[in-house]
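So the structure is just underneath, and the comments pick up after that.
Quick note: the coordinates plus some simple rules give every number you see, no bench work behind them. Computed from a prediction, not measured in an experiment: that's the story for all the values here. Here the Cβ positions follow ideal geometry from the backbone for every residue, glycine too, while neighbour counts run over all protein chains shown.
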Amino acid sequence: MSTPSVAVIVVAAGSGTRLGRPEPKAFVPLGDGTLLSHAVRGVLGMREPVQLVVVVPAERVDQTRAELLASADASAELVVVVAGGELRQDSVAAGLAQLAPEIGVVLVHDAARALTPSLLFDEVAAAVRTRGHGVVPGLPVVDTVKRVADGRVVETVDRAELAAVQTPQGFPRGALERAYRLAGGEFTDDAALAAAAGVQVDVVPGDVRAFKITVPADLRRAEQLVAEAGAGAEASVREGGSAAQPHADDAEPSILPPEPVAEPRVLVPRVGTGVDVHAFADDDTPLWLAGLEWPGERGLAGHSDGDAASHAICDALLAAAGLGDVGRIFGTADPELDGAHGEVFLRETVRRVREAGFVVGNVSVQLVGNRPKLAPRREEAEALLSRFVGAPVSVSATTSDGLGFTGRGEGVAAIATALLLPA
């Protein structure tokens with residue numbers, strides 16, 4: 001087993017009084033497990049091995065450690081369970097004290113965000129590595145926000161400048177440890193604590209599934225999502241799969257959910273290829289490529305953001321599903337797509353592919369051009385595109401040895417191949 005360079009501290013020591021339950025929040029039942037068990041599954045599903053540090057109430061340490069180590073997914077060398085403190089900051093500090101010497105990147109995650117997908121952990125870790133400072137996931141604020149005093153509206157806040165921040169929140173280890181040494185007050189999250197110590201913090205796209213379970217309505221929402229996922233698994237079993245045995249009605253929920261249901265099915269794959277080309281713009285248009293903005297690089301011309309990689313992936317997916325191409329589906333005359341980012345096209349394309357009866361197996365996309373240099377942000381691009389597509393996306397780059405328009409530095413081309421499987 002390779003030595004991990006990333007640690008995830010799962011904070012699960014809170015009481016959760018607003019849920020109105022007798023047990024600590026992280027140990028509230030959810031499906032066949034608990035909030036904590038689902039949070040742990042998200043961590044253990046990451047693409048790289050990590051050190052898992054779970055911070056729980058003191059009286060729950062032994063139970064949690066035993067149940068984690070009983071899991072086939074958890075290694076005794078990579079799992080630490082420690083007692084938390086009175087405040088959240090005290091609990092995170094207790095987790096930081098348990099990090100292995102090799103750890104360079106630290107993610108802090110709230111167990112209350114129990115359904116956070118593994119890809120979001122991967123994306124935050126990759127962004128911390130490439131950017132070298134704090135990174136937090138966040139979602140745009142869609143409601144109109146008012147500043148209120150004594151029940152009276154004072155002003156309307158520009159929501160374009162706001163983001164609803166989630167966890168996991170990632171930092172270089174040294175920066176976070178220094179921020180905790182300097183912390184002089186109580187902060188609502190690690191991003192605020194780090195920023196107060198002078199650490200730069202960026203926001204990357206979050207995920208709607210990473211919502212925080214705080215009140216009974218949140219728990220009901222999570223229960224519905226878990227039930228829907230379970231119903232899908234049961235349907236697969238009826239088609240010929242097998243399922244883990246359910247818990248007895250009177251059994252206490254395990255710290256870890258049952259193993260995923262295997263789906264032995266004969267699948268006939270379909271493959272599609274997509275190509276997209278964009279010239280560099282003559283103005284100060286920002287560069288968007290592979291879902292990322294590239295500050296300081298010359299942008300690409302186009303009706304949308306000119307993201308050749310995202311567009312090539314869309315063409316490959318549509319071709320494999322027999323749905324046409326980007327030009328046919330989206331067109332260039334739609335004013336709503338003026339300046340739209342690749343995420344918009346990818347999510348709509350995947351939706352149409354699923355409606356057509358397919359799921360994405362994986363995608364590979366290669367960039368052809370002299371700039372930008374992909375290597376420093378390859379992992380970040382792969383994690384982001386994988387989240388948009390809902391399947392693994394690999395990204396590579398090459399040059400054309402000075403030949404053609406890409407060799408002359410006039411633009412960028414992208415070639416994508418997509419594998420689809422029947423749903």
Karplus-derived 3J(HN,Hα), 6.51/-1.76/1.60, for each residue of the range 160-177, Hz, glycine and proline x: 5, 9, 10, 9, 8, 7, 10, 10, x, 10, x, 8, x, 4, x, 5, 6, 5
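In percent, what relative contact order does the chain have, based on Cα pairs under 8 Å that are 6 or more apart in sequence?
Reported relative contact order: 15 percent.
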Amide H contacts under 5 Å for Leu289, placed H, 5+ residues apart: Trp294
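Using Cα-Cα distances under 8 Å and only pairs 6 or more residues apart, what relative contact order does the range 68-190 have, in percent?
On the way: 136 pairs, mean separation 32.6, N = 123.
Normalised by residue count, the contact order of the range 68-190 is 26 percent.
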Per-residue ³J(HN,Hα) for the range 285-301, Karplus 6.51 cos²θ - 1.76 cosθ + 1.60, θ = phi - 60°, Hz, x for Gly and Pro: 4, x, 8, 10, 8, 6, x, 10, 8, 10, x, x, 9, 5, x, 9, 7
Using θ = phi - 60° and Karplus 6.51 cos²θ - 1.76 cosθ + 1.60, couplings along the range 183-188 (whole Hz; Gly, Pro as x): 4, x, x, 9, 10, 7
Estimated 222 nm signal from helices in the chain, with DSSP H stretches of n ≥ 4 weighted -39500 (n - 2.57), rounded to 500: -9500 deg cm²/dmol
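From the square roots a ≥ b ≥ c of the eigenvalues of the alpha-carbon gyration tensor of the range 151-216, which class results: rounded (a/c under 1.5), prolate (a/b over b/c), or oblate? Walk me through the numbers on the way to the answer.
Numbers: a/c = 1.82, a/b = 1.46, b/c = 1.25.
Verdict is prolate for the range 151-216.
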Base-10 log of normalised Debye intensity for the chain (one unit scatterer per alpha-carbon) at q = 0.06, 0.09, 0.10, 0.12 Å⁻¹: -0.28, -0.64, -0.79, -1.11
Anchor Lys212: lysines whose Cα lies under 28 Å away (excluding residues fewer than 8 positions away in-chain): Lys25, Lys146
Neighbour cut-off at most 16 other Cβ (10 Å), DSSP loop, GluC sites (Glu not before Pro), the range 329-415: Glu410
Test item: Cα-centred dipole of the chain, Lys/Arg +1 and Asp/Glu -1 on Cβ, debye: 180 debye
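Over the range 135-190, what is the relative contact order in whole percent, taking alpha-carbon pairs under 8 Å and six or more residues apart? If you can, show how the numbers build up before the last one.
On the way: 54 pairs, mean separation 20.5, N = 56.
Relative contact order, the range 135-190: 37 percent.
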The range 1-150 shape via C-alpha gyration tensor axes, a/c threshold 1.5: oblate
Cα gyration tensor category, rounded, prolate or oblate, for the range 53-102 with a/c compared to 1.5: oblate
Charge-dipole axis of the chain as Lys and Arg at +1 and Asp and Glu at -1 on Cβ define it, positive-most pick from Val326, Gly134, Pro205: Gly134
